[in-house]
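Here's the structure, in structure tokens; my notes come after.
The values are calculated or read from the model by the stated rules, or taken from the named source; none is laboratory data. Since the model is a prediction, treat every value here as computed from it, not as a measurement. Reconstructed Cβ throughout: ideal geometry from the backbone, glycine too, with neighbour counts over all protein chains shown. Accessible surface areas use protein heavy atoms only, side chains included; no ligands, DNA or RNA. Shrake-Rupley method; radii C 1.70, N 1.55, O 1.52, S 1.80 Å.
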Amino acid sequence: MVKVTFQTQRGIYWAVCESVRYDELEGYDLDGVLENSRGTGPACLISVSPKWQIVQVEEA
């Protein structure tokens, strides 16, 4: 499990998930999300904007 933190247009977003994949057109896919900063989850898959920037990845 990893905790990935993004800088978004509105601030910081983080999620604890199994893996992260990136596609230039679709953005980031967060697989197996257990929890996130918005209080939603668990979820099998959450997709986030390609405009978001990863600022930190750490073991969770």
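If Arg21 passes every condition in (1) surrounded by 15 or more Cβ atoms within 10 Å (Cβ to Cβ); (2) out of contact with any Ser or Thr (no Cβ under 9 Å at 6 or more places or on another chain) but one, which one does it miss?
Condition not satisfied by Arg21: (1).
Across segment 22-38, what is the total count of residues that are closer than 20 Å to Gln9 by Cβ and in a strand (DSSP E or B)?
Selection size over segment 22-38: 7.
Condition check ((1) farther than 14 Å from Glu58 by Cβ; (2) part of a strand (DSSP E or B); (3) open to solvent by 70 Å² or more (accessible area, probe 1.4 Å)) across all residues:
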| site | (1), (2), (3) |
| --- | --- |
| Lys3 | no, yes, no |
| Val16 | no, yes, no |
| Thr40 | yes, no, yes |
| Ser47 | yes, yes, yes |
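Pick from segment 49-60 the residues that are assigned to a strand (DSSP E or B) and in contact with a Phe, Trp or Tyr (Cβ under 8 Å, 6 or more places away or on another chain): which of them is most open to solvent (accessible area, probe 1.4 Å)?
First, the residues of segment 49-60 that are assigned to a strand (DSSP E or B): 53-59.
Next cut, in contact with a Phe, Trp or Tyr (Cβ under 8 Å, 6 or more places away or on another chain) only: 53-55.
Numbers: Gln53: 120, Ile54: 67, Val55: 87 Å².
Looking at residues that are assigned to a strand (DSSP E or B) and in contact with a Phe, Trp or Tyr (Cβ under 8 Å, 6 or more places away or on another chain), I get Gln53.
Just to verify a result, which residue in segment 24-37, among those that are open to solvent by 40 Å² or more (accessible area, probe 1.4 Å) and of a type in the set (A, V, I, L, M), is farthest from Ser49 (Cα to Cα)?
For segment 24-37, the residue satisfying everything is Leu34.
What are the pairs with Cβ atoms under 7 angstrom where one residue, in segment 9-36, is touching a residue at least 60 places away in the same chain (Cβ under 8 Å) and the other, located anywhere, is open to solvent by 100 Å² or more (accessible area, probe 1.4 Å) and in a loop (DSSP other than H, G, I, E, B)? Sequence gap at least six, or different chains.
Matching pairs, first to second residue: none at all.
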